[in-house]
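Here the structure is laid out as structure tokens; the discussion comes afterwards.
The values are calculated or read from the model by the stated rules, or taken from the named source; none is laboratory data. For clarity, every value in this text was computed on a predicted model and none was experimentally measured. When we count neighbours, we look across all protein chains shown, and the Cβ atoms used for this are built from the backbone with ideal geometry, even at glycine. Accessible surface is based on the protein model in full, side chains and every heavy atom, while ligands, DNA and RNA are left aside. Shrake-Rupley method; radii C 1.70, N 1.55, O 1.52, S 1.80 Å.
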Amino acid sequence: MANADIDETNELVSFPIQRTCPFAIPPVYTKFREESPISQVVLPDGGKAWLVTKYDDVRAVMANPKLSSDRRAPDFPVVVPGQNAALAKHAPFMIILDGAEHAAARRPVISEFSVRRVAAMKPRIQEIVDGYIDEMLKLPKPVDLNQVFSLPVPSLVVSEILGMPYEGHEYFMELAEILLRRTTDEQGRIAVSVELRKYMDKLVEEKINNPGDDLLSRQIELQRQEGGIDRPALASLCLLVLLAGHETTANMINLGVFSMLTKPELLAEIKADPSKTPKAVDELLRFYTIPDFGAHRLALDDVEIGGFLIRKGEAVIASTFAANRDPAVFDDPEELDFGRDARHHVAFGYGPHQCLGQNLGRLELQVVFDTLFRRLPDLRLAVPEEELSFKSDALVYGLYELPVTW
């Protein structure tokens, strides 16, 4: 077993690692995976962490109970300014809890995103997608697909799941964009977190007084039956579902459309045979792996990962992006291949913290791609590819704008 000894003699790579090309993984990830699969990196606050880049090792990190997700710990890796202070403005999010505490928070929500419940949402998702395409067709061309379609579709879907009034979605999205920017300073991140907390508190209070047939109302009723309503916990749950439910799906819509418009042979595959769309969706998820920050953990005890000893108190970052480009698992991983069976990717995580909403995300993307290209068969970029602006400064990769015409 190798020891994870800190090397003070070499200059460390800074993390997060910025993407410079939408199709290519930064070369440093490949170098690490081939030469030193668990390597030390330096974080924005000067702290250090072990970056894990092999697929099997990344899954081992995410499944190991000795590696904590609790961001409240003082030595937890900090990847953006104000991370800890912003988190302190909210009740603990489910994704930062460990063990029994995490299981207790996750259990009441699991059924909301089951395969059966999500499948029952398909007609409404189809209706929403068609409705936004109808509105888009009335607009003068070109349009920014991000603003008129990619953001509104998942935002409305998740708003209806929560029972949240859609009228405030633009305000929420503005705050979310600031929160998810790496370049937002500490005071800005704290201020946005305070505003989001107020916004969620109002939503919870309104739903307590006026329950409906929605996720939030059902959680309130469950808590009421168990002896009391935990308003801060409900507010944090709402914020987590909203952020995860709209930001990631919107970015994947943009990246998927961009990929198929710039690689028409891929689009031809799903046009010729729509039954291939589910595979295409998983391949897009694998290829882009848009959460650039990966899975962060703190060692609660000495732990061995891939024959490498990580000591108690040390920080670990498992790069799902690097894992999903591991040639030991995916043949020709730098190729976007819609014929590939990529469902074992780790874009949704792995282990106890695997994304609750993955069934919903997959379904939304399938409906979007099949419907958009069926109804707008001559959809195309309205600007040269090199003029597109990618989110290289954000915690979730994507496009800021996607001008299209038809």
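Per-residue counts of other Cβ atoms within 10 Å, averaged by peptide: what ranking do you get for 298-307, 315-324, 250-259, highest first?
Per-residue mean Cβ counts within 10 Å order the peptides as 315-324, 250-259, 298-307.
Given labels modelled 7 Å from the Cα in the Cβ direction, how far is it in nm from Q147 to E265?
3.6
If I take R0 = 35 Å and measure r between the Cβ atoms of R224 and K66 in this structure, what FRET efficiency does the formula 1/(1 + (r/R0)^6) give, to the nearest 0.05?
Given R0 = 35 Å and the Cβ-Cβ separation, E is 0.45.
Using 5 Å bins from zero, what percent of all Cα-Cα pairs in the stretch 253-323 falls into each bin?
Each 5 Å bin holds this share of Cα pairs: 3, 13, 18, 16, 10, 9, 8, 8, 8, 5, 1.
Return the FRET efficiency for the residue pair S36, D393: r is the Cβ-Cβ distance, R0 is 22 Å, and the value is rounded to the nearest 0.05.
Calculated transfer efficiency: 0.20.
May I ask you to order 262-268, 211-217 by the average number of other C-beta atoms within 10 Å around their residues, highest value first?
Descending packing order for the listed peptides: 211-217, 262-268.
Putting +1 on Lys and Arg Cβ atoms and -1 on Asp and Glu Cβ atoms, find which of F113, P92, Q126 reaches farthest to the positive end of the dipole of the stretch 73-216.
Checking the options against the dipole of the stretch 73-216, the answer is F113.
Which order do the peptides 399-405, 161-167 come out in when sorted by mean C-beta neighbours inside 10 angstrom, highest first?
Result, highest mean Cβ count within 10 Å first: 399-405, 161-167.
With only alpha-carbon atoms in the gyration tensor, what are the semi-axes of the equivalent ellipsoid for the stretch 156-313, in Å, largest first? Intermediate values should be presented prior to the final figure.
Values: eigenvalues 207, 137, 67 Å².
Semi-axes from the Cα gyration tensor: 32, 26, 18 Å.
Checking the a/c ratio against 1.5 first, then a/b against b/c, what shape does the Cα gyration tensor give for the stretch 355-399? If you can, show how the numbers build up before the last one.
On the way: a/c = 6.01, a/b = 1.09, b/c = 5.54.
Note, shape of the stretch 355-399 comes out oblate.
Going by the alpha-carbon gyration tensor, a ≥ b ≥ c the square roots of its eigenvalues, is the stretch 95-198 rounded (a/c under 1.5) or, if a/c is not under 1.5, prolate (a/b greater than b/c) versus oblate?
oblate
Could you report the chain's accessible area per residue, 1.4 Å probe, as an integer in Å²?
Per residue, the chain has an accessible area of 43 Å².
Counting only Cα atoms, I'd like the Rg/Rh figure for the stretch 313-406, Kirkwood definition for Rh.
1.01
Run the numbers for E335 and Q358: contour at 0.36 nm per residue of separation, minus the present Cα-Cα distance, in nm.
Value of the extension gain: 6.0 nm.
Determine the gain in length on full extension of the stretch Q126-A103; use 0.36 nm per residue of separation and subtract their C-alpha separation, reporting nm with one decimal.
Additional length available on full extension: 5.0 nm.
Round to a whole angstrom and tell me the spacing of the C-alpha centers of the stretch 99-155 and the stretch 74-97.
Between the Cα centres of the stretch 99-155 and the stretch 74-97 lies a distance of 27 Å.
Taking the alpha-carbon centroid of each part, what is the distance from the stretch 362-396 to the stretch 21-63 in angstrom?
Between the Cα centres of the stretch 362-396 and the stretch 21-63 lies a distance of 28 Å.
At a threshold of 8 angstrom on Cα-Cα distance, excluding pairs fewer than six apart, so keeping six or more, what relative contact order does the chain reach in percent?
27
Computed FRET efficiency, Cβ-Cβ of E205 and F23, R0 41 Å: what is it to the nearest 0.05?
Taking R0 as 41 Å, the efficiency between E205 and F23 is 0.35.
Would you work out the Kirkwood radius for the stretch 226-279? I mean one over the mean of 1/r across all pairs of different Cα atoms, in Å.
Computed over Cα pairs of the stretch 226-279, the Kirkwood hydrodynamic radius comes out at 14.1 Å.
If I compute solvent accessible area with a 1.4 Å probe over the protein chains, what percent of it on the chain is carbon and sulfur?
Answer for the chain is 52 percent, counting heavy atoms of protein chains only.
Using 0.36 nm per residue, how much length does the chain from R311 to L12 gain when fully extended, once their Cα-Cα distance is taken away? Intermediate values should be presented prior to the final figure.
Working: separation 299, 0.36 × 299 = 107.64 nm, distance 1.89 nm.
Gain on stretching R311 to L12: 105.7 nm.
For the stretch 6-104, what class follows from the C-alpha gyration tensor (a ≥ b ≥ c being the square roots of its eigenvalues): rounded when a/c is under 1.5, otherwise prolate if a/b is larger than b/c, else oblate?
prolate
One-quarter of the Cα convex hull surface for the chain, in nm²?
Taking the Cα atoms of the chain, their convex hull projects to 19.6 nm² on average.
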